[in-house]
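Quick notes on the structure that follows.
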Amino acid sequence: MTQASAGEQPLEAGDQESASADVTGANGRPLIDVRNIAKHFRISRRENLVAVGGVDLTIGRGETVGLVGESGSGKTTLGRLILRLWDPTYGEVWYEDKRISHMQGSELRRWRPKLQMVFQDPSTSLNPRMTIRQALRDAVRGFKLSREERDRRIQEVLDAVHVPAALTEAHPEALTGSQQQRCAIARSLVMKPDLIVLDEAVSNLDVRGRLEIIELLREVQQQFGVSYLFISHDLTAVRSISHRVAVMYLGLIVEFASTDVIFERPVHPYTRSLLSAVLYPDPEAGAPHYTLEGEIPSPINLPPGCPLYSRCPVSEPECEQWTPELFPMEQTAGNVPHVAACRRIDDLTSGRVEMVASGR
Amino acid sequence: MLEIEGLTVGIPHADGSFESMIEDIALRVDAGQAVGLVGEAGAGKSLLVHAIAGQLRPPVVARSGTIRFEGQDLLAMNAEVRQTILGRDLALVLPGGRARLDPLMKVGKQIARVQRDHDGSVSKKVAQARAIELLDRVGIPDADLRAEAYPHELSGGMAQRALVAMALVNRPRFLVADEPTSGIDVTIQRQLLEDFSSLCREEHVGLLIVTRDLGIVAHYCDRVAVVSEGRIVEDADVRTFFKSPEHPVSQELMRATILERQQAAAWSEQTGTVGAGRS
């Protein structure tokens, strides 16, 4: 969609099934295509921190891709690379047929509004001295909209997120956490973006608030056809909104598949361990707990080989030297590819080796 | 071990009226017992923790009631005596991670100081070694190096674990943990809760866990108290509670928690079977 048509009716209204999405757009390309992207931070002359170490990822139009993993796994860095808040060390980000990872200056600025972000804590990401309506006006400042067009759009997004008119003239402090997050979502929508990166956007809310915001995000996606990159360590939240889920560990994607496959038939030892650590609200439910010992290693001067080696319950000596690559799995649901990066993947899927569940 | 009776906390107004924020709270936690305190945001859970910690600040005061720790009323004793108990016998883990640490002091030294403040006979060297031991125990890798880090050099999850280490340094007999695992990843959350749980079982430490997560309550608590609008509306054995919550507030909390899981499962099921619209 170009800037000129941005003021038209909401694009790509919800004509899809609720949980389906076209991975590819009209021209056969996904909306976002991330190719072998990496971000290294140089800490000192001898220390190099690999936050993201060469990742491929696609996001389709109207699709939600969930990104899960522990803190320090590179989720946020990957989101910021896609938004071009940071420049990659190497690799590319394509936005349909435009290579946005290498754009500069005014060309980049033209694309900026197409990619938006919603943060974890709305009480600190909304300006406390602006009313909600002022904050939304502020978001379109600099994009040369007529006053009528601006006000019409602001009203449209406020209606879409169900913020009562009375609250739009209030300051953020007068709103509950869930209402504040609605306003932050409205602000991200006002420039009619194609992608919103939601970085832990429901993690600060209680269960009521999470339910509300997840439902709202689904509605907004139906209405505006926007894509989401949903970054969260809350696995239940990820499960309830994503079409596909990528699992990250130490800067790499270790498994990527449809949400159903990730939650019902994961193969990678890390994914399985992560899921087994979720506590069910039922004292009788004894979920298996595959132990991951210790914690995520430091990403500074990471040794080569499988990043999970030191914590993996099924590792073999050979794994220490194995360079991770994503293998396609056979049992793929529908047409959604399922890939996983584990040297022992055949042994795990054939049942030749079992993950050992530790007793509690 | 910890026994709260008739506790009412709030703000007295000039006209003689009293605006209560928590009212007539009764709660009891025995040695070796883990009690979960649950409720929505703003229900008064954290205020109760502040009252136990002696952190009520004017205009908020405790109007009536007692908070007995091993028989002594924490509210009635003077601040100096209370300070000898808090941080030693009764320790707190509060949420907030880095913001609760001194930004100008190395993490190991902060932990060592909590120990030396309560027992001057401990040498700096011994206290420092104990700090490193605890940082290691709460799952911080390279604990000896991390002890030399300043709070801003730690991730949020690591800072939160440093707070847990600080609470455990004097081998407390009672631990109050307010959202102890907020901002911590599930795998580490599990490790920390296991650690609390073994303190409870093996060293008979009493445990009060304030949380919004019914999953934690289900697996790591013996009893649960539900707070709503400043009152405890239900106090039950965990198994009974999850089988049949009695109060409407408990039922609603349970319903929302179950609904969240069901919706997630229903949504994800579709993503596996659709696929047809994709190329």
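What the table below lists for this structure:
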read-out: Unmet criterion (only one of (1) more than 25 Å from A:Leu211 (Cβ to Cβ); (2) among the basic types (Lys, Arg); (3) modelled with pLDDT of 90 or more) for B:Arg255; value: (1)
read-out: Single residue of segment B:267-276 satisfying the filter (buried (at least 18 other Cβ atoms within 10 Å of the Cβ) and among the hydroxyl-bearing types (Ser, Thr, Tyr)) that is modelled with the highest pLDDT; value: B:Ser268
read-out: Residue in segment B:243-266 that is crowded, with 17+ Cβ neighbours inside 10 Å, farther than 30 Å from A:Pro297 by Cβ, hydroxyl-bearing (Ser, Thr, Tyr) and within 11 Å of another protein chain (Cβ to nearest Cβ) present; value: yes
read-out: Residue count for segment B:224-244, restricted to those that are in a loop (DSSP other than H, G, I, E, B) and more than 23 Å from the chain's Cα centre (by Cα); value: 1
read-out: Candidate set: segment A:328-343, residues that are at pLDDT below 90 and more than 14 Å from chain B (Cβ to nearest Cβ); chosen: the one farthest from A:Met248 (Cα to Cα); value: A:Glu330
read-out: Number of the exception - B:Arg231 against (1) among the basic types (Lys, Arg); (2) touching a strand residue (DSSP E or B) at 6+ places or on another chain (Cβ under 7 Å); (3) modelled with pLDDT under 90; value: (3)
read-out: Candidate set from segment A:155-213 (those that are in contact (Cβ under 8 Å) with a residue 60 or more places away in the chain and within 14 Å of chain B (Cβ to nearest Cβ)); member that is nearest to A:Arg133 (Cα to Cα); value: A:Gln181
read-out: Residue within segment B:249-259 that is acidic (Asp, Glu) and free of Cβ contacts under 8 Å to residues at least 24 places away in the same chain present; value: yes
read-out: Matching strands (runs of 3 or more DSSP E) fully within segment A:25-85 where at least 2 residues are modelled with pLDDT under 95; value: A:32-42, A:48-59
read-out: Enumeration of residues in segment B:223-242 that are surrounded by fewer than 19 Cβ atoms within 10 Å (Cβ to Cβ) and under 16 Å from A:Pro281 (Cβ atoms); value: B:Ala236, B:Asp237, B:Arg239, B:Thr240
read-out: Test set (1) in a loop (DSSP other than H, G, I, E, B); (2) under 25 Å from B:Glu19 (Cα atoms) - B:Thr66 fails condition number; value: (1)
read-out: Residue in segment B:85-104 that is farthest from B:Leu2 (Cα to Cα), counting only those that are surrounded by fewer than 14 Cβ atoms within 10 Å (Cβ to Cβ) and at pLDDT 90 or above; value: B:Leu104
read-out: B:Tyr220 being of a type outside the set (Gly, Ala, Ser) and more than 22 Å from B:Ala112 (Cα to Cα); value: yes
read-out: Residue, nearest to B:Ala99 (Cα to Cα), within segment B:147-177, restricted to residues that are basic (Lys, Arg) and modelled with pLDDT of 90 or more; value: B:Arg171
read-out: Residue satisfying all of: in segment B:119-166; charged (D, E, K, R) and more than 14 Å from chain A (Cβ to nearest Cβ); surrounded by the most Cβ atoms within 10 Å (Cβ to Cβ) among these; value: B:Arg130
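One line per residue, one yes/no per condition, for (1) in contact (Cβ under 8 Å) with a residue 24 or more places away in the chain; (2) within 12 Å of chain A (Cβ to nearest Cβ); (3) among the basic types (Lys, Arg); (4) touching a Ser or Thr at 6+ places or on another chain (Cβ under 9 Å):
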| site | (1), (2), (3), (4) |
| --- | --- |
| B:Ser182 | yes, yes, no, yes |
| B:Asp195 | yes, no, no, no |
| B:Arg201 | yes, yes, yes, no |
| B:His204 | yes, no, no, no |
| B:Arg212 | yes, yes, yes, yes |
| B:Val217 | yes, yes, no, yes |
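The values are calculated or read from the model by the stated rules, or taken from the named source; none is laboratory data. Everything numeric in this text was worked out from a predicted model, so none of it was measured. Glycine also receives a Cβ, built like all others from the backbone with ideal geometry; neighbour counts cover every protein chain displayed.
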